[in-house]
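What follows is a set of notes on a single structure, which appears directly below.
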Amino acid sequence: MTRTITQIENEILEAKEQDAVLQEINTASRFSPWRAIVYIMAFVIYSLEKLFTLFKADVTEIVTNNRIGSLAWYAQVSQGFQLGDNLNENLQYNTLNTDLQIISRVAVKELPDSTLSIKVAKGATQADLAPLTETEEQQFTAYLNKMKPAGVKVNAQSLTADQIKIAAEVFYNPLFASADITTRLVAAINDYCSNINFGGQLNRNDLIERVRQEEGIEDFVISLLQVVQNNATVDVSRAQELEAGYAVFDAQQSAFTYTPV
């Protein structure tokens, strides 16, 4: 931790008082030449320590993110994939081209059998997220097989968004039109879905809390909450990891009743 200028000044003054020769300098004024020299030295030392602290933080971040085989390393490598480009003998691209780096979201997790699960999606924004095409996924898998350390089992997936189905009773302020409440309800659910961290979970209580933040909605009682992926339906009692890593609200398959309070 970087010391403050005042702390460094005080240490210099304490060291001065312990020196018999320097004790002869006893001018109390802060504006005396020797006190100015003390301040300048303290400022220089402070600036140097601050640079060392920033440098240490930068080095630590670089080492952490580039530790070969770590989860962070796999995420960084995945986002560095360039579609349709070949790797050289050093397992690097000859030219970095961000236009070819299609993967925008990555979630890496180690499974109980020591396999690494790597879920990816493409899209500039959360609303635009989509799975890789079959060709893109094949190229990405081939790229990972070249980049990964020998002996590591990797399962790369890029799936369509999980579908969230809800049945619930909405208790609302009758001063608001029910149509307006519906608009706010759908917007709140969509906002919740778009803010789930990629590779994260659908959380029942968090969803309820987000909906109840909407003006006019007094309560939101869920009777059915499901996640659907590849025709497999999972009932969510508390929380459920998203198979694709991200989700969208299926308004067509959801049902709400409205009760004024």
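Computed over the Cα atoms of the chain, the ratio of the radius of gyration to the Kirkwood radius (Rg/Rh) comes to 1.23.
Placing a label point 7 Å from the Cα of LYS146 along the Cα-to-Cβ direction, the residues of region 86-124 whose backbone N falls under 13 Å from that point are 86-95.
A 24 angstrom limit on the alpha carbon distance is what I want to check against. Which of LYS56/LYS148; LYS109/LYS165; LYS109/LYS146; LYS56/LYS146; LYS16/LYS56; LYS56/LYS122 exceed it? Show your work: numbers first, answer last.
Numbers: LYS56/LYS148 28 Å; LYS109/LYS165 26 Å; LYS109/LYS146 19 Å; LYS56/LYS146 32 Å; LYS16/LYS56 31 Å; LYS56/LYS122 33 Å.
The answer is LYS56/LYS148; LYS109/LYS165; LYS56/LYS146; LYS16/LYS56; LYS56/LYS122.
Label-to-label distance, GLU24 versus ASN173, with points set 7 angstrom from Cα along the beta-carbon direction: 8.0 nm. For the modelled label position 7 Å from the Cα of LEU54 along Cα-to-Cβ, which residues of region 1-22 have backbone nitrogen atoms closer than 14 Å? Output list for this probe position: 2.
DSSP loop GluC sites (Glu not before Pro) in region 53-154 with at most 13 other Cβ atoms within 10 Å of their Cβ, which ones?
On the way: sites: GLU61, GLU89, GLU110, GLU134, GLU136, GLU137; in loops: GLU89.
Within region 53-154, the qualifying GluC sites (Glu not before Pro) (loop, at most 13 other Cβ atoms within 10 Å) are GLU89.
Rounded to the nearest Hz, the phi-derived 3J(HN,Hα) couplings of region 5-12 under the Karplus curve 6.51 cos²θ - 1.76 cosθ + 1.60 (θ = phi - 60°) are 4, 4, 4, 5, 4, 4, 5, 5, where x marks glycine and proline.
A crude spin-label estimate for the pair THR135 and VAL221, with each label 7 Å from Cα along the Cβ direction, gives 5.4 nm.
Say R0 is 22 Å: what FRET efficiency, to the nearest 0.05, do ASN230 and VAL154 get from their beta-carbon distance?
Values: r = 20 Å, r/R0 = 0.93.
For ASN230 and VAL154, the calculated efficiency is 0.60.
Relative to the longest principal axis of the Cα atoms of the chain, the long axis of helix 33-65 lies at roughly 30 degrees.
Once the Cα-Cα distance is subtracted from the 0.36 nm per residue extended length, the ALA15 to ILE37 segment shows a gain of 6.5 nm.
Any read-out appearing in this document is the output of simple, stated calculations on the displayed coordinates, not a laboratory observation. Remember, predicted model here, so these are calculated numbers, not experimental data. Heads up, the Cβs are rebuilt from the backbone with ideal geometry, glycines too, and the neighbour counts pull from every protein chain shown.
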